Amino acid sequence: MREVISEQDLQDRISKLASIINNDEFNLKRPVVFVGILNGAFMFFSDLVKKINLPIEIDFVRVKSYEGQNRKEIKLTKDLETSIKGKHVYLVDDIIDSGHTMKFLMDKFLERGAIHVTPIATIFKENVVIQDALCILRYPQDSPWFVGYGMDNEDGTGRNINTILELDGK
């Protein structure tokens, strides 16, 4: 394994990202909901929302789209408890890989009346489904598997590592 980004660099980049959001929302004055996608986004989500200086609502969803490193059918296994109708939603995930999971949730939230849904991820891999997102790191689609900072290994371990590591040979 190789460290991709240090804990301090992660926090610095999250502060910059939060500043962008704070400035945008301050000017637009609209109701805001941050939605974390469990389980992977929990560390990034927590660090990000602590730096948001706006009145926000917080909720979580859980979506199952992987078995190990293999993609499968997208299923919503924990839904929102907060109404998003007439609100701006920031949808926070650990990684946008193929983009299908993020697109699935964005479409669902817009159908429920969200004014706008902005995707945010720790890692954004180039894909054809989601063209852009607020993110900490960008990679090409064929980049390796990552672990740490909420992202897990095939056996479910590694989420508690406070940096992001690239797995060798994946």
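The values are calculated or read from the model by the stated rules, or taken from the named source; none is laboratory data. All values derive from a computational prediction rather than experimental measurement. Note that each Cβ is placed from the backbone with ideal geometry, even for glycine, and that neighbours are counted across all protein chains shown. Each accessible area value is taken on the protein alone, full model and side chains, heavy atoms only, with ligands, DNA and RNA left out. Shrake-Rupley method; radii C 1.70, N 1.55, O 1.52, S 1.80 Å.
Residues checked against (1) under 15 Å from PHE44 (Cβ atoms); (2) among the charged types (D, E, K, R); (3) over 17 Å from the mean Cα position of the chain (by Cα):
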residue: LYS78; (1), (2), (3): no, yes, no
residue: SER83; (1), (2), (3): no, no, yes
residue: VAL92; (1), (2), (3): yes, no, no
residue: ILE96; (1), (2), (3): yes, no, no
residue: ASN127; (1), (2), (3): no, no, no
residue: ASP142; (1), (2), (3): no, yes, yes
residue: TRP145; (1), (2), (3): no, no, no
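Residue check: ARG62 meets all listed conditions (1) at pLDDT 95 or above; (2) of a type in the set (Lys, Arg); (3) farther than 19 Å from LEU134 by Cα; (4) over 13 Å from the mean Cα position of the chain (by Cα) but one, namely (4).
The conditions of being assigned to a strand (DSSP E or B) and modelled with pLDDT of 95 or more are met by ASP94. Taken over segment 37-51, the residue count meeting the criterion of being modelled with pLDDT of 95 or more and either out of contact with any strand residue (DSSP E or B) (no Cβ under 6 Å at 6 or more places or on another chain) or among the aromatic types (Phe, Trp, Tyr) (or both) is 9. Among residues of segment 49-64 that are over 8 Å from PHE34 (Cβ atoms), those with a beta-carbon under 9 Å from a residue that is in a strand (DSSP E or B) and hydroxyl-bearing (Ser, Thr, Tyr) at least six positions away or on a different chain give the pairs VAL61/THR77; ARG62/THR77; VAL63/THR77; LYS64/THR77. Hey, can you tell me all the residues within segment 14-36 that are open to solvent by less than 20 Å² (accessible area, probe 1.4 Å), at pLDDT below 95 and not in a helix (DSSP H, G or I)? The answer is VAL32, and nothing else. Taken over segment 113-170, the criterion of being among the small types (Gly, Ala, Ser), surrounded by 17 or more Cβ atoms within 10 Å (Cβ to Cβ) and more than 16 Å from GLU3 (Cβ to Cβ) is satisfied by ALA114, ALA121, ALA133.
Scanning segment 97-112 for residues that are surrounded by 21 or more Cβ atoms within 10 Å (Cβ to Cβ) and among the hydroxyl-bearing types (Ser, Thr, Tyr) returns a single hit, THR101.
Regarding THR77, is this residue touching a helix residue (DSSP H, G or I) at 6+ places or on another chain (Cβ under 9 Å), closer than 29 Å to ASN153 by Cβ and not hydrophobic (A, V, I, L, M, F, W, C)? It is false that THR77 is touching a helix residue (DSSP H, G or I) at 6+ places or on another chain (Cβ under 9 Å), closer than 29 Å to ASN153 by Cβ and not hydrophobic (A, V, I, L, M, F, W, C).
Taking segment 37-55 as the range and being in a loop (DSSP other than H, G, I, E, B) and either open to solvent by less than 50 Å² (accessible area, probe 1.4 Å) or at positive phi (or both) as the test, the residues that pass are GLY40, ALA41, ILE52, LEU54.
The number of residues in segment 82-96 being without any contact (Cβ under 8 Å) to a residue 40 or more places away in the chain and in contact with a strand residue (DSSP E or B) (Cβ under 6 Å, 6 or more places away or on another chain) comes to 1. Tell me which of these GLU73 doesn't satisfy, since it passes every other one: (1) charged (D, E, K, R); (2) more than 23 Å from VAL49 (Cβ to Cβ); (3) modelled with pLDDT of 95 or more. Result: GLU73 passes all but (3).
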